[in-house]
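The values are calculated or read from the model by the stated rules, or taken from the named source; none is laboratory data. These figures come from a predicted structure and were not determined experimentally. Glycine gets a Cβ as well: all are built from the backbone with ideal geometry, and neighbour counts include every protein chain shown. With ligands, DNA and RNA removed, areas are computed over all heavy atoms of the protein, side chains included. Shrake-Rupley method; radii C 1.70, N 1.55, O 1.52, S 1.80 Å.
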Number of protein chains: 2
Amino acid sequence: MKKFVKPLLAALIVTTTAAASMAFAQQAPKPEQVIKWRQSVYQVLAWNNGRIKASVDGTYNKDEVIRAANAIAAIANSGLGALYPAGTETGKGWRETTVKPELFTEQAKAGEAARKFITEANELAKVAATGDAGAVKVAFGKLGQTCKGCHDDFRKKD
Amino acid sequence: MKKFVKPLLAALIVTTTAAASMAFAQQAPKPEQVIKWRQSVYQVLAWNNGRIKASVDGTYNKDEVIRAANAIAAIANSGLGALYPAGTETGKGWRETTVKPELFTEQAKAGEAARKFITEANELAKVAATGDAGAVKVAFGKLGQTCKGCHDDFRKKD
């Protein structure tokens, strides 16, 4: 049997290594891909933000606001911190990242900013469901403040 | 009073026109912006898709799958059809659009593809909440089929 042991062990090692590599590849996509994903997240947030703004500033469309607010809330709750792994402080996704180094060096502050964003996004989704345009305007304003706060602290000007 | 009437009318016209322009700007953003938004939507879907795949193929993480499935479902339900207005058949967002003309000319078929995607995205989110990895795998496979179907029919190869 001994002659089979080594090949078997070798096969096991190869298999395990391949599996580990695959797992690693899944857990750690390329920095440029991660930067592209996070740049895309903010575009999707901007699209939905604009739709709510159109309702708040113009003719209120309850269903449109619900759809947009739910998308923002689900994205806010999706674990966006995973899109800022070490190694993505600089680099190009769709374009050069505009993240400031502070996001990576002041993690407690960044985490607090993220929590505020999540809280206000959830509140907006809750209020949107009621169709109360006035309450949506207030919640939307508060959400906007959390966006602005994070941009001021952690995003370079274009 | 007559001398005040004309300026007042003029001011009213200017104000109304400005308001109408603003409303128009909100309702019809530039084609390149719309294309950028929709390209971003698919990147965000791909990110979340990859996270579910990592759980299905590797170590199952219930919370991660819930977060990702909820993001996919909320985006699916957000009214993505609005990202394909007339005038965006061609053009550059982050890059040249890869949409096929058929998406605009075969709207019933495109609508049916969208409905299938929404149905399976909602089913996946529902199943994800139970934490049943096997059921998630099945639902995730079905969702993937709706993605593939739409890509085959309505997306040019890269």
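Observations
- Selection from region A:58-69 of residues that are more than 7 Å from chain B (Cβ to nearest Cβ) and out of contact with any helix residue (DSSP H, G or I) (no Cβ under 7 Å at 6 or more places or on another chain): A:Thr59, A:Lys62, A:Asp63
- Lone unmet requirement of (1) within 14 Å of chain A (Cβ to nearest Cβ); (2) of a type in the set (Gly, Ala, Ser); (3) over 30 Å from A:Lys62 (Cβ atoms) for B:Ala82: (3)
- Against the test of being touching a strand residue (DSSP E or B) at 6+ places or on another chain (Cβ under 8 Å), open to solvent by less than 50 Å² (accessible area, probe 1.4 Å), more than 8 Å from every other protein chain (Cβ to nearest Cβ) and outside any loop (DSSP other than H, G, I, E, B), the options B:Ile35, B:Ile72, B:Ile52 yield a single qualifying residue, B:Ile35.
- Selection count, region A:126-141, where residues are in a helix (DSSP H, G or I), of a type outside the set (S, T, N, Q) and more than 13 Å from A:Asn49 (Cβ to Cβ): 8
- Scan of region B:112-149 for residues that are open to solvent by less than 40 Å² (accessible area, probe 1.4 Å), under 22 Å from B:Glu89 (Cβ atoms) and of a type in the set (A, V, I, L, M, F, W, C), ordered by number: B:Ala113, B:Phe117
- All positions within region A:38-49 that are of a type in the set (A, V, I, L, M, F, W, C), open to solvent by 10 Å² or more (accessible area, probe 1.4 Å) and farther than 15 Å from B:Val34 by Cβ: A:Leu45
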